[in-house]
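Below is one structure; the comments refer to it alone.
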Amino acid sequence: MLGQALSQLQKALNAKADSIQREFIAVSERLNALPGKIAEADDDDKPPLLAEQDELRERRADIAEAINVWRDRAKDLLNKSDDDALRTYLQDISDQTKDDEQVQAAIKHAQFILNATDEELAALAQPEEEAKPLTPAGRLIERARKEYDLRGDDPAPRHKAAVEFANRPYMLQDMEAIAEIEESIYDPDKFVREVVLLTLIQLHRFRALRLADLNAAYTSVERLTHINHPQAIPALVSILEHTRTGYVQKEGSGEPVEESNSRLRVAALKRLIEWHTSEAKRAVEAYQLDRDQQVSYLARRALETFPNEWTKPIRGTGIVR
């Protein structure tokens, strides 16, 4: 049991080293670009570039040392001679990783196992009582709490999990699942919050793109316009790009009527203008000559009103409203 806990901690420490490795790569890329700039620079411009080069070399050496330190700590974890030495080692790592939730959670688990009484260990060894079966949404949230791949610095696994969940059969029509996920948007765990928000973005994106019921699809676009997360931007762009028809139920009419998704696209375009980022501006620029007159007019007016670079939102929202 302790061995498993230490293995989990070892994985967390290696993940920390991996995150530092990414910084090393970024610094190296900047450093590799400098010789060309120095060669092309005028004599007056060379001193600051040379100074930057020296600074980056020192920074890269420090980062490389930090990577080795955390790799060595991960290796040494399983080489402690006795429990007291392991306790000291765990506390030392804990003191140096106070802001790393992933490492801290693994340390606390290992410390609990290490200091547990025989009764506590026996209780842990007992099979858990049959719990209430988790829903698909509940399982996703539990994964966000426990799986190391979803709790690391790299957001890609969280995004992948969100897309996979939203693509599950019948999930777009499962309003109970969507409501269950929305209940966790203010969860105290930041990784749960991000997985939840990314999943909501994908669910509402796919609903807006795929549902034949345009009224339901429009409701999802509205939800997307109130999600204050950068990943909402590409979702809104995809809705703006996607021209299609669907059906709406008119008041007093017994039959659904076929319509275009113009209202959805206009709502997505308005929110992209409010996001006011370079990605949003590129999308707006692409639709100045759209066949939909509302879309093309709004795109042109936005670019006339805001001709300069778009760098930050001009209106924010809460997480979901």
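Laboratory data are not the source of any read-out in this text; all were calculated from the coordinates shown. This is a predicted model, so every value here is computed, not measured. Reconstructed Cβ throughout: ideal geometry from the backbone, glycine too, with neighbour counts over all protein chains shown.
At 37 °C and 0.692 mPa s, grab the translational diffusion coefficient of region 136-305 from Stokes-Einstein with a Kirkwood Rh over Cα pairs, rounded to a whole number in µm² per second.
Calculated translational D: 194 µm²/s.
Pick from Val103, Val257, Val248: which is most flexible by mean-square fluctuation in a GNM of the chain where alpha carbon atoms under 10 Å apart are linked?
Greatest mean-square fluctuation among the candidates belongs to Val257.
How much length is gained on full extension from Asn228 to Asn68, taking 0.36 nm per residue of separation minus their Cα-Cα distance? Intermediate values should be presented prior to the final figure.
Working: separation 160, 0.36 × 160 = 57.60 nm, distance 3.78 nm.
Roughly 53.8 nm would be gained on extension.
When only alpha-carbon atoms count, how far does region 43-97 stretch along each of its three principal axes, as whole angstroms with the largest first?
Extents along the principal axes: 62, 18, 10 Å.
Given a cut-off of 21 Å, name the pairs among Lys16/Lys98; Lys250/Lys270; Lys16/Lys108; Lys11/Lys108 whose C-alpha atoms lie farther apart than that in the structure shown.
Numbers: Lys16/Lys98 13 Å; Lys250/Lys270 25 Å; Lys16/Lys108 17 Å; Lys11/Lys108 14 Å.
Correct reply: Lys250/Lys270.
Translational diffusion coefficient, Stokes-Einstein: compute it for region 150-208 using the Kirkwood radius over C-alpha pairs as Rh, at 37 °C and 0.692 mPa s, and state it as an integer in µm² s⁻¹.
Values: Rh = 11.5 Å.
Translational D for this selection: 285 µm²/s.
Hey, if you drop one equal point scatterer on each alpha-carbon of the chain and run the Debye formula without solvent, what base-10 log of I(q)/I(0) do you get at q = 0.07, 0.11, 0.12 Å⁻¹?
Here the Debye-derived log intensity ratios amount to -0.46, -0.93, -1.01.
For region 2-125, what are the per-bin percents of Cα-Cα distances with bins 10 Å wide, up to the bin holding the maximum?
Each 10 Å bin holds this share of Cα pairs: 12, 32, 22, 15, 11, 6, 2, 0.
What number in nm² do you get for region 258-316 if you take the convex hull of its Cα atoms and divide its surface by four?
Working: hull surface 16.0 nm².
Over every viewing direction, the Cα hull of region 258-316 projects on average to 4.0 nm².
What are the semi-axes of the equivalent ellipsoid of region 206-321, taken as the square roots of 5 times the eigenvalues of the Cα gyration tensor, listed largest first and rounded to whole Å? Could the numbers behind the result be given before it?
Working: eigenvalues 133, 55, 23 Å².
They are 26, 17, 11 Å, listed largest first.
Which residue fluctuates the most in the chain, going by a Gaussian network model with Cα springs under 10 Å, if the choices are Glu251, Glu29, Glu309?
Most flexible of the set in this elastic network: Glu251.
Above 14 Å lies some portion of the pair distances; for region 176-237, what is it as a whole percent of all C-alpha pairs?
Working: 1030 of 1891 pairs.
Taking all Cα-Cα pairs of region 176-237, the fraction more than 14 Å apart is 54 percent.
Among Phe165, Phe24, Phe306, rank each residue by its count of other Cβ atoms within 10 Å, from fewest to most, as a rough exposure measure.
On the way: Phe165 21, Phe24 17, Phe306 14.
Least to most surrounded, the residues fall as Phe306, Phe24, Phe165.
With the chain treated as a Gaussian network of Cα nodes joined by springs under 10 Å, which of Arg145, Arg244, Arg205 yields the largest mean-square fluctuation?
Its mean-square fluctuation being the largest, the pick is Arg244.
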